[in-house]
Amino acid sequence: MTTTTPIKKIVIAGGGTAGWMAAAALVKLLGKTLSVTLIESDEIGTVGVGEATIPSLVFFHQLLGINEQAFMSATQGTFKLGIQFENWRKLDHRYIHAFGVTGKDCWAAGFQHFWLKGLEKGFSADFGDYCLERRAAEAHRFAHLPKNGLNYAFHMDATQYAQFLKQLSLPLGVERIEGKIQRVNTDNESGFIRSLSLNDDRTIEGDFFIDCTGFRGLLIEQALHTGYEDWSHWLPCDSAVAVQTESVAPPLPFTRSIAHDAGWQWRIPLQHRVGNGLVFCSKYLGDEQAKALLARNIEGKVLTEPRVIKFKTGRRLKQWNKNCVALGLASGFLEPLESTSIHLIQQGIVRLLRMFPHHGVRQVDIDEYNKQTDFDVEHIRDFIILHYHATERDDSPFWNYCRQMKVPDSLAHRIQLFKETGRVFRDGNELFDDSWQQVMIGQGVMPEQYHPIVNTMPDGELKAFLEHIRSSIDKTVERLPSHQEYLNQYCPGN
Ligand code: FAD
């Protein structure tokens, strides 16, 4: 379906993280040519979680000209260098998936091949010891280093983030409407959305709509009946209970992900409090049991009532349908394990800006947008499934299911390739790169062999090579201030 009506008026339905990220980007980058209206309902509110991010958010903020110190102060933000996975491979085991690169690759073989031979010879340390971000995280240290020396992301207060983006967007011309959308009005012939009727008889017309209404997908699903692909056979967690607590210690520069019998628990340290949540599979754990389990595993005074959130992992069959693009939870949900949802919102926004239908909606743009989004989401899906599947845990029905389940062919191939040859390749410009090696090794997938090019390096040279990487990382980490010290000077007055 192609139309030639110029797109001048954008209506964003929903004012959570997705809605305000979209509004801020559209008004900042295309505001001279478009008008942007955002409708949000105070009565419905937002999901209120989503506080851990990945490094791509730094780029999004640069694109929007956001001052990082102002953002960190407004959102009580802390720096994040990775995620510590505890009890995932087996009980009492932990590793950090850090945002940086591990060791040094050569043209023929990744660093893991050199490390594997070193392991065989007895002179390799833990794989993560060759990654600057992992060592800095463990030492609870942080600083901005020149030349992108330390790859980082943020923990932030989700509610404050939406407020921060709102304050940025309103003066630039975003029209905010408070109200509850009651009806989505579509054109009889084309099926395109024409307007949204609110519960107070106002009708908001638009040329193009962005559905940021959260899980309900008011436009993309309830009006356009786009369809949903259910991935819960691969990602069986379908519930979460979240609670905020007072901080009892300086904030760690990493997220903690602690596996339990039927899922996992997050701990996200902010400057003023800690976000906690238990992600679980309702087939194996009830809501009340989950609340009790979380209550037993938090520290500090509880600040909020525990809130249960239900979800179905999967994706909307099309992220762009007719004159509507879905962002955030309205577009689908993988699960929060690798903090990828906000990244996917950002990817969706940037993609839409790149192929914005100024001169009318074209099917060819829709197809390209959906193809690129499918690529991103499927690769992230595989990466998340890897954590559940590559486990030695056999102590509960949940872990037995995950360990034994049939995974997507694309993932099965990657695991087999790594196991048999030690090789792993980045597929196109998929999000995760070095992360695959880190998580496979962290979860106990060990290659049976290494690349023979490693044998061209005499043992003494290999030993010196490994030691040099490790000692130069350690020297850098020693010079860093503590995360808390750095926050104190970066966000004074918080
Ligand atoms: P919401 O926050 O639900 O916002 C929906 C908006 O639509 C609200 O403003 C609401 O008022 C409005 N609305 C709905 N219906 C109507 C109506 N009828 N009329 C008017 N307005 C309406 N992501 C990460 O990147 N990192 C994480 O660590 C992370 N953790 C998560 C943990 C859990 C348990 C869950 C469930 C999600 C997590 N996410 C995480 C995802 C993240 O929370 C979301 O991607 C993000 O908050 C965006 O949500 P949203 O804006 O799409 O939806």
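The values are calculated or read from the model by the stated rules, or taken from the named source; none is laboratory data. Keep in mind the model is a prediction, meaning the values are calculated, not measured. Cβ coordinates were reconstructed from backbone atoms using ideal geometry, including for glycine residues, and neighbour counts include every protein chain displayed.
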Item to check | Looking only at region 325-342, and only at residues there that are closer than 18 Å to residue 23 by Cβ and touching a strand residue (DSSP E or B) at 6+ places or on another chain (Cβ under 9 Å), the one that is farthest from the ligand (Cβ to nearest atom) | outcome: 325
Item to check | Which numbered condition residue 40 misses (of (1) within 16 Å of the ligand (Cβ to nearest atom); (2) under 21 Å from the mean Cα position of the chain (by Cα); (3) at pLDDT 95 or above) | outcome: (2)
Checklist entry - Which ones in region 168-194 are among the polar types (S, T, N, Q) and either in contact (Cβ under 8 Å) with a residue 60 or more places away in the chain or buried (at least 17 other Cβ atoms within 10 Å of the Cβ) (or both)? => result 169, 186, 190
Checklist entry - Has region 53-70 got at least one residue that is buried (at least 16 other Cβ atoms within 10 Å of the Cβ), in contact with a strand residue (DSSP E or B) (Cβ under 9 Å, 6 or more places away or on another chain) and either part of a strand (DSSP E or B) or of a type in the set (Gly, Ala, Ser) (or both)? => result yes
Next on the checklist: Take the residues in region 383-431 that are closer than 21 Å to residue 373 by Cα and of a type in the set (Gly, Ala, Ser); name whichever of them is surrounded by the fewest Cβ atoms within 10 Å (Cβ to Cβ).
Outcome noted: 428
Checklist entry - When you go through 477, 445, 454 one by one, which is the residue that is among the β-branched types (Val, Ile, Thr) and under 24 Å from the mean Cα position of the chain (by Cα)? => result 445
Checklist entry - For region 275-316, how many residues are in a strand (DSSP E or B), closer than 30 Å to residue 73 by Cβ, aliphatic (A, V, I, L, M) and within 13 Å of the ligand (Cβ to nearest atom)? => result 3
Checklist entry - Any idea which residue in region 153-173 is farthest from residue 339 (Cα to Cα), counting only those that are within 14 Å of the ligand (Cβ to nearest atom) and assigned to a loop (DSSP other than H, G, I, E, B)? => result 157
Checklist entry - When you go through 211, 238 one by one, which is the residue that is under 30 Å from residue 305 (Cα atoms), crowded, with 21+ Cβ neighbours inside 10 Å and within 15 Å of the ligand (Cβ to nearest atom)? => result 211
Checklist entry - How many residues are over 19 Å from residue 26 (Cβ atoms) and assigned to a helix (DSSP H, G or I) if we restrict to region 332-351? => result 4
Checklist entry - Has region 249-262 got any residue that is modelled with pLDDT under 95 and more than 10 Å from the ligand (Cβ to nearest atom)? => result no
Checklist entry - Under the condition of being out of contact with any strand residue (DSSP E or B) (no Cβ under 7 Å at 6 or more places or on another chain) and over 17 Å from residue 444 (Cα atoms), which residue from region 119-137 is surrounded by the most Cβ atoms within 10 Å (Cβ to Cβ)? => result 136
Checklist entry - Is it true that some residue in region 73-82 is at pLDDT 95 or above, buried (at least 20 other Cβ atoms within 10 Å of the Cβ), more than 14 Å from the ligand (Cβ to nearest atom) and over 24 Å from residue 493 (Cβ atoms)? => result yes
Checklist entry - For residue 11, which of the numbered conditions (1) of a type in the set (A, V, I, L, M, F, W, C); (2) at pLDDT 95 or above; (3) within 8 Å of the ligand (Cβ to nearest atom) fails to hold? => result (3)
